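Step one of this worksheet: look at the structure below.
The values are calculated or read from the model by the stated rules, or taken from the named source; none is laboratory data. The structure presented is a predicted model; accordingly, all values stated were derived computationally and were not measured. Using ideal geometry, Cβ is built from the backbone for each residue, glycine included, and neighbour counts are taken over all protein chains shown. Just so you know, the surface numbers come from the protein's heavy atoms only, side chains and all, with ligands and any DNA or RNA stripped out. Shrake-Rupley method; radii C 1.70, N 1.55, O 1.52, S 1.80 Å.
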Amino acid sequence: MTQDDIKTLDTPPDLGRRKFLNTAALVGLSGAGLSVGLSACNKKESAPAAGAPSAQGEVKGEVGEFGKYEVPPGQLDDYYSFSSGGHSGEVRIYGIPSGRELKRIPVFNMDPLVGWGITNESKAILGTKPNGTPKYTTGDTHHVHQSYTDGVYDGKYMFVNDKIHGRLARIRMDTMECDKITELPNVQGFHGTFTDKRDPVDSKINYTTRVFCGGEFAIPLPNDGRDVNDPTKYKSLFTCVDSNTMEPRWQVLIDGNCDLVASSYDGKLAATNQYNTEMGVHYEDMMAAEMDACLFFNVARIEEAVKAGKVTTIAGSKVPVVDGTRASNKDPKTALTCTVPIPKNPHGVNISPDGKYYACSGKLSPTASVIEHDLVLKWFDGELANPRDAVVAEPEIGLGPLHTGFDNKGNAYTTLFLDSQIVKWNVAEAIKAYKGDKNAKAVVDRIDVHYQPGHGFTSMGETKDSDGKYFISDNKFSKDRFLPVGPLHAETAQLIDISGDKMKLVADHSVYSEPHDSIIVRRDIIKTRQIYNMDEFPLAVKDPKESGVFRNGKKVTVKLTSQAPTYSLREFKLKKGDEVTIILTNHDKVEDLTHGFGIPKYDIQFIVNPQETKSVTFIADKPGVYWCYCTNFCHALHLEMRTRMIVEA
Ligand code: CUK
Ligand code: CUA
Ligand code: CA
């Protein structure tokens with residue numbers, strides 16, 4: 001860059017672009033003979049889409065009909081949305097209603113920015129192979145749910161599943177970082193998960209102690225090469241993980257499969273929809289039956305059975321397993337599970353915020369089945385002969401119903417994958433209609449979404465504090481809704497205002513593939529920290545004077561600190577073949593003052609947040625000079641923030 005080039009930068013680049021837009025837009029419009037259209041549009045004074053540049057090159061967002069959903073510069077959103085990232089293996093955080101992406105939390109993936117899968121600390125959470133590399137580098141997150149205290153989020157933890165390798169991760173909400181990962185034994189395709197909303201056994205405990213996990217793919221147990229050709233031996237497991245220790249507490253052996261999971265508000269039941277009651281191992285077989293099921297777990301009875309030692313174990317795991325198969329659970333008075341028949345291949349089970357009803361949709365049936373919580377409990381008490389009688393409504397709502405969210409007025413909002421719609425239906429009306437009331441009308445409203453929605457969820461809708469303000473539709477296809485970016489399209493999270501009688505589509509948010517499920521959480525519930533406490537890190541280099549190279553034979557520890565814009569060591573020397581551990585503590589205490597550490601050719605990169613310590617271990621196998629540099633822009637002299645690693649031959 002020459003001095004002349006620098007001078008041209010004095011002109012604000014924005015001005016140039018605006019001028020261009022202005023002229024181009026006018027030429028384009030008059031040339032196409034559209035001046036009539038232009039004046040008509042001007043008269044209406046409402047922009048067709050929020051934020052679209054008008055012919056004058058002005059952004060009209062704040063005056064259009066969508067203005068009230070905009071979050072002006074410098075203002076904060078009302079809600080967080082925590083979203084799974086599907087086969088990206090991560091979790092994302094958005095502001096709602098703006099749709100601003102605030103953070104990506106690496107969980108089951110590798111992330112060079114924060115050093116996830118690179119630092120020793122993250123590898124300890126991820127688990128490693130004997131050679132020290134992460135055990136798995138792929139992940140598939142589907143469902144995120146937070147910890148509860150008595151039916152409402154308590155802001156402590158978030159849990160997310162990994163479908164591909166059967167793992168459950170816990171994320172601390174104060175730092176919004178993953179702190180534990182548990183691999184479920186003997187589970188393949190761990191799909192649905194839900195935190196307990198209340199402890200069912202000890203009424204003094206109101207907070208979440210259990211996380212329920214549904215195994216989707218039935219496999220031979222143990223899956224070690226035996227019984228591979230005998231599908232009758234294939235089974236699935238439903239697992240309960242202790243949210244404090246993150247150890248599996250117990251597992252339930254079941255027929256068929258688990259898919260989505262729901263938990264009750266009184267802590268007594270957990271539920272999973274089953275689309276493969278046929279136990280089919282081929283595609284066609286899984287659709288053979290007209291009815292599949294929603295399976296309910298009696299949590300207290302399962303825990304009593306575990307306590308009484310009525311358990312088995314499966315080779316390779318010490319986790320107690322109870323028998324929840326249909327053949328062993330015919331007597332309601334002792335049953336651990338209850339099978340409620342639901343039409344064809346259901347997907348999704350969600351409980352209403354009043355704790356009374358589960359909605360379970362048959363994706364090959366145009367219906368949503370409403371199951372009454374108390375009637376399932378009655379079956380377990382021997383007071384309801386037929387579990388199918390726990391179904392109190394089954395409205396026809398549209399094609400390909402999947403997931404349901406609830407507002408605070410007794411309405412349910414179900415995604416219709418095939419119809420590309422959200423249907424709003426009233427639970428009480430649906431129950432009346434099921435009882436034969438000809439005047440009852442379940443379906444209240446419908447709205448098109450673009451296109452093929454998967455999950456849909458309401459603001460605070462998975463809590464007693466459901467507030468009926470927003471619904472987000474996470475759509476699987478976006479087609480023409482955004483600027484084209486090649487064959488892999490952005491996906492749409494469409495924001496819908498549900499506060500009125502009619503649903504109103506108010507924003508298209510683009511999202512990177514492929515969020516499945518999200519939750520919308522009121523911002524006052526979340527309390528984050530701005531800096532770490534240095535004492536939390538056993539390896540912390542607490543005083544820059546402790547910096548240096550410490551040798552123990554071939555094992556070398558390099559301790560250093562960062563404080564903008566320098567590292568405490570200007571250089572450090574190693575010998576070829578050393579096993580090196582670098583420990584870096586960031587001494588900056590200023591909010592947002594993060595440093596990075598990158599070592600060229602050694603494939604090492606990570607950040608340290610204020611007062612944080614991280615470490616990496618590697619073999620110094622390449623002699624030469626390597627400039628370790630700060631990767632995170634931190635200071636006017638950020639580029640000068642380097643230290644020289646010298647590896648002697
Ligand atoms: S599943 Cu993705 S749309 Cu994994 Cu929750 Cu239904
Ligand atoms: Cu420190 Cu950039
Ligand atoms: Ca089926």
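Of the set (1) more than 16 Å from ligand 1 (Cβ to nearest atom); (2) open to solvent by 60 Å² or more (accessible area, probe 1.4 Å), all apply to residue 557 but (2).
Just give me the residues in segment 345-365 being open to solvent by less than 40 Å² (accessible area, probe 1.4 Å) and either more than 16 Å from ligand 3 (Cβ to nearest atom) or farther than 11 Å from residue 294 by Cα (or both), in sequence order.
Taking segment 345-365 and keeping what is open to solvent by less than 40 Å² (accessible area, probe 1.4 Å), we get 345-353, 355, 358-362, 365.
The answer is 350, 351, 352, 353, 355, 358, 359, 365.
For residue 625, indicate whether it is in a strand (DSSP E or B), over 25 Å from residue 121 (Cα atoms) and in contact with a strand residue (DSSP E or B) (Cβ under 8 Å, 6 or more places away or on another chain). Taking the combined requirement at face value, the residue satisfies it.
Given 167, 172, 210, which one is at pLDDT 95 or above, surrounded by fewer than 19 Cβ atoms within 10 Å (Cβ to Cβ) and either under 18 Å from residue 517 (Cβ atoms) or assigned by TED's automatic domain parsing to the domain that holds residue 267 (or both)? Break it down stepwise before answering.
Numbers: 167 fails: surrounded by fewer than 19 Cβ atoms within 10 Å (Cβ to Cβ); 210 fails: surrounded by fewer than 19 Cβ atoms within 10 Å (Cβ to Cβ).
That would be 172, the only listed residue that is at pLDDT 95 or above, surrounded by fewer than 19 Cβ atoms within 10 Å (Cβ to Cβ) and either under 18 Å from residue 517 (Cβ atoms) or assigned by TED's automatic domain parsing to the domain that holds residue 267 (or both).
Tell me yes or no: at least one residue of segment 406-413 is among the hydrophobic types (A, V, I, L, M, F, W, C) and assigned to a loop (DSSP other than H, G, I, E, B). Scanning segment 406-413 turns up no residue that is among the hydrophobic types (A, V, I, L, M, F, W, C) and assigned to a loop (DSSP other than H, G, I, E, B). For segment 271-310, the set of residues classified as more than 16 Å from ligand 1 (Cβ to nearest atom), surrounded by 17 or more Cβ atoms within 10 Å (Cβ to Cβ) and modelled with pLDDT of 95 or more consists of 293, 295, 296, 297, 298, 299, 301, 302, 303, 305, 306, listed by residue number.
Just to be sure I understand, how many residues within segment 281-301 are among the charged types (D, E, K, R), in contact (Cβ under 8 Å) with a residue 12 or more places away in the chain and farther than 28 Å from residue 195 by Cβ?
Adding up the residues that qualify gives 1.
Across segment 557-573, the number of residues qualifying as outside any loop (DSSP other than H, G, I, E, B) and under 29 Å from residue 179 (Cβ atoms) comes to 8.
From the list 608, 625, 616, the lone residue that is open to solvent by less than 30 Å² (accessible area, probe 1.4 Å), away from ligand 2 (no atom under 11 Å from the Cβ) and not hydroxyl-bearing (Ser, Thr, Tyr) is 616.
Can you confirm whether residue 88 is open to solvent by less than 20 Å² (accessible area, probe 1.4 Å) and assigned by TED's automatic domain parsing to the domain that holds residue 509? So that I can check it myself, show each step before the final result.
Working: open to solvent by less than 20 Å² (accessible area, probe 1.4 Å): no; assigned by TED's automatic domain parsing to the domain that holds residue 509: yes.
Judged against the criteria, residue 88 is not a match.
Residue-level check: of (1) closer than 23 Å to residue 375 by Cα; (2) within 16 Å of ligand 3 (Cβ to nearest atom); (3) in a strand (DSSP E or B), residue 259 misses just (3).
In the list 586, 632, which residue meets the criterion of being within 14 Å of ligand 2 (Cβ to nearest atom), among the polar types (S, T, N, Q) and open to solvent by less than 20 Å² (accessible area, probe 1.4 Å)? Lay out the reasoning, then the answer.
Working: 632 fails: open to solvent by less than 20 Å² (accessible area, probe 1.4 Å).
That would be 586, the only listed residue that is within 14 Å of ligand 2 (Cβ to nearest atom), among the polar types (S, T, N, Q) and open to solvent by less than 20 Å² (accessible area, probe 1.4 Å).
For segment 327-350, the criterion of being aliphatic (A, V, I, L, M), under 21 Å from residue 452 (Cβ atoms) and in a loop (DSSP other than H, G, I, E, B) is met by no residue. Can you find a residue in segment 560-578 that is within 15 Å of ligand 2 (Cβ to nearest atom) and surrounded by fewer than 16 Cβ atoms within 10 Å (Cβ to Cβ)? Checked segment 560-578: at least one residue is within 15 Å of ligand 2 (Cβ to nearest atom) and surrounded by fewer than 16 Cβ atoms within 10 Å (Cβ to Cβ).
Check 508, 535 and return the single one that is on the phi < 0 side of the Ramachandran plot, open to solvent by 40 Å² or more (accessible area, probe 1.4 Å), in contact (Cβ under 8 Å) with a residue 40 or more places away in the chain and among the acidic types (Asp, Glu). Walk me through it before giving the result.
Working: 535 fails: in contact (Cβ under 8 Å) with a residue 40 or more places away in the chain.
Matching residue, one of 508, 535: 508.
When 261, 322 are screened for being more than 16 Å from ligand 2 (Cβ to nearest atom), touching a Leu at 6+ places or on another chain (Cβ under 9 Å), hydrophobic (A, V, I, L, M, F, W, C) and open to solvent by less than 10 Å² (accessible area, probe 1.4 Å), only 322 passes.
One residue is enough: does segment 292-314 have a residue meeting the conditions assigned to a helix (DSSP H, G or I), in contact with a helix residue (DSSP H, G or I) (Cβ under 9 Å, 6 or more places away or on another chain), charged (D, E, K, R) and away from ligand 2 (no atom under 16 Å from the Cβ)?
Just the residues of segment 292-314 that are assigned to a helix (DSSP H, G or I), to begin with: 299-307.
If we keep only those that are in contact with a helix residue (DSSP H, G or I) (Cβ under 9 Å, 6 or more places away or on another chain) as well, we get 301.
This time we only want the ones that are charged (D, E, K, R), so: 301.
Narrowing the set further to residues that are away from ligand 2 (no atom under 16 Å from the Cβ) leaves 301.
Yes: segment 292-314 contains one or more residues that are assigned to a helix (DSSP H, G or I), in contact with a helix residue (DSSP H, G or I) (Cβ under 9 Å, 6 or more places away or on another chain), charged (D, E, K, R) and away from ligand 2 (no atom under 16 Å from the Cβ).
Restricting 377, 416 to those that are within 16 Å of ligand 1 (Cβ to nearest atom), modelled with pLDDT of 95 or more and out of contact with any Phe, Trp or Tyr (no Cβ under 7 Å at 6 or more places or on another chain) reduces the list to 416.
Yes/no matrix, rows are residues, columns are (1) within 16 Å of ligand 2 (Cβ to nearest atom); (2) surrounded by 13 or more Cβ atoms within 10 Å (Cβ to Cβ); (3) within 22 Å of residue 116 (Cβ to Cβ):
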{"site": "599", "(1), (2), (3)": "yes, yes, yes"}
{"site": "602", "(1), (2), (3)": "no, yes, yes"}
{"site": "640", "(1), (2), (3)": "yes, no, no"}
{"site": "646", "(1), (2), (3)": "no, yes, no"}
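Mind listing whichever residues of segment 432-450 are closer than 17 Å to residue 413 by Cβ and open to solvent by less than 50 Å² (accessible area, probe 1.4 Å)? Please lay out each step first, then the result.
Let us first name the residues in segment 432-450 that are closer than 17 Å to residue 413 by Cβ, namely 441-450.
Once the filter is applied, which keeps residues that are closer than 17 Å to residue 413 by Cβ and open to solvent by less than 50 Å² (accessible area, probe 1.4 Å), segment 432-450 yields 442, 443, 445, 447, 449, 450.
Would you confirm whether any residue within segment 293-311 is within 16 Å of ligand 3 (Cβ to nearest atom) and in contact with a Ser or Thr (Cβ under 6 Å, 6 or more places away or on another chain)? Step through it out loud before you land on a result.
Residues of segment 293-311 that are within 16 Å of ligand 3 (Cβ to nearest atom), as a first pass: 293-295.
Of the ones still in play, those that are also in contact with a Ser or Thr (Cβ under 6 Å, 6 or more places away or on another chain) are 293, 295.
Yes: one or more hits.
Exactly one residue out of 451, 470 is within 25 Å of the chain's Cα centre (by Cα) and closer than 28 Å to residue 198 by Cβ, and it is 470. The condition (being closer than 21 Å to residue 382 by Cβ and not aliphatic (A, V, I, L, M)) is satisfied by just one residue among 325, 313, 277: 325. Looking at 463, 458, just one residue is more than 15 Å from ligand 1 (Cβ to nearest atom), touching a residue at least 40 places away in the same chain (Cβ under 8 Å), outside any strand (DSSP E or B) and open to solvent by less than 20 Å² (accessible area, probe 1.4 Å), and that residue is 463.
Quick check on segment 239-252. Is at least one of its residues open to solvent by 10 Å² or more (accessible area, probe 1.4 Å), touching a Cys at 6+ places or on another chain (Cβ under 8 Å) and in a strand (DSSP E or B)? I'd like the intermediate steps shown before the answer.
First, pick out the residues of segment 239-252 that are open to solvent by 10 Å² or more (accessible area, probe 1.4 Å): 242, 244-245, 247-249.
Applying the additional criterion that residues be touching a Cys at 6+ places or on another chain (Cβ under 8 Å) yields 248-249.
With in a strand (DSSP E or B) added as a condition, the list becomes 248-249.
Scanning segment 239-252, I find at least one residue that is open to solvent by 10 Å² or more (accessible area, probe 1.4 Å), touching a Cys at 6+ places or on another chain (Cβ under 8 Å) and in a strand (DSSP E or B), so the answer is yes.
Quick one: which of 113, 126 is of a type in the set (A, V, I, L, M) and surrounded by fewer than 19 Cβ atoms within 10 Å (Cβ to Cβ)?
Details: 126 fails: surrounded by fewer than 19 Cβ atoms within 10 Å (Cβ to Cβ).
Unique residue meeting the criteria: 113.
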